[in-house]
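Participant: This is the structure I want to talk about, given as structure tokens.
Nothing in this text is a laboratory measurement; each read-out follows from the coordinates by a stated rule. All figures in this text were calculated on a predicted structure; none of them were measured in a lab. Every residue, glycine as well, gets a Cβ built from its backbone with ideal geometry; the counts of neighbours run over all protein chains shown.
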Amino acid sequence: MNRRPASAHQSAPREKLRQITMNLTWNLKSLALAIAGVSFLLPSCATSGKANSKSLTLADPPVQSVQRGKASWYSIGTNFGTRTASGQRLSNEAATAAHKTLPMGTKVRVTNENNGKSEVVTITDRGPYVVGRIIDLTVGSAERLGFRQNGVAPVRVEVLGHFDTKL
């Protein structure tokens, strides 16, 4: 009986497997570089969730109207529950706000006039119910805009348009 050693018998399939692995590794590296190149060209498509970040699209919609006044903040603890007037669950860190008259789902850019920080938020609730205030932001938005400690800040509210609130 003429037998080949086990190592010689398996060397051809091992070599083939090594070649396939190297080709797959090369293709994955190429794909990773291609994705990195695209993300480098389109950095404003990504959102960071921080103030001054571009969170709409490459080209923000035109401003439809501007309001100036005082903003305050609210949270789950001050809202008497976790539901907003739109029915959505309130999250302290969400980029959402309460406004007396703007339709639910309206996107607005709120700019703190004391420091220039801004954030795009979605109207999901009604309020504020204090004379002289035009918008209530979540405590997270107030923190990012730099007025959580003070509680109230002069702001500019730019109405960007209405977007569907259902995801």
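Participant: Would any residue of segment 99-135 have its amide N under 15 Å from a label point 7 Å out along Cα→Cβ of V66? List them or say none.
Facilitator: Of the residues in segment 99-135, 109-114, 116-118 have backbone N under 15 Å from the label point off V66.
Participant: Treating each Cα of segment 57-143 as an identical point scatterer and ignoring solvent, apply the Debye formula and state log10 I(q)/I(0) at q = 0.13, 0.17 Å⁻¹.
Facilitator: Rounded to two decimals, the profile gives -0.39, -0.67.
Participant: Can you tell me which of 124-133, 139-148 comes out highest on packing, and rank the rest after it, using the mean Cβ neighbours within 10 Å?
Facilitator: Ranked from most to least packed, the peptides come out as 139-148, 124-133.
Participant: What's the extension gain from E93 to N150 if we count 0.36 nm per residue and subtract their Cα-Cα distance?
Facilitator: Residue separation times 0.36 nm, minus the Cα-Cα distance, leaves 18.7 nm.
Participant: I want to check the label-to-label distance for T101 and T82. Put each point 7 Å from Cα in the C-beta direction and report it in nm to one decimal.
Facilitator: Roughly 3.4 nm, to one decimal.
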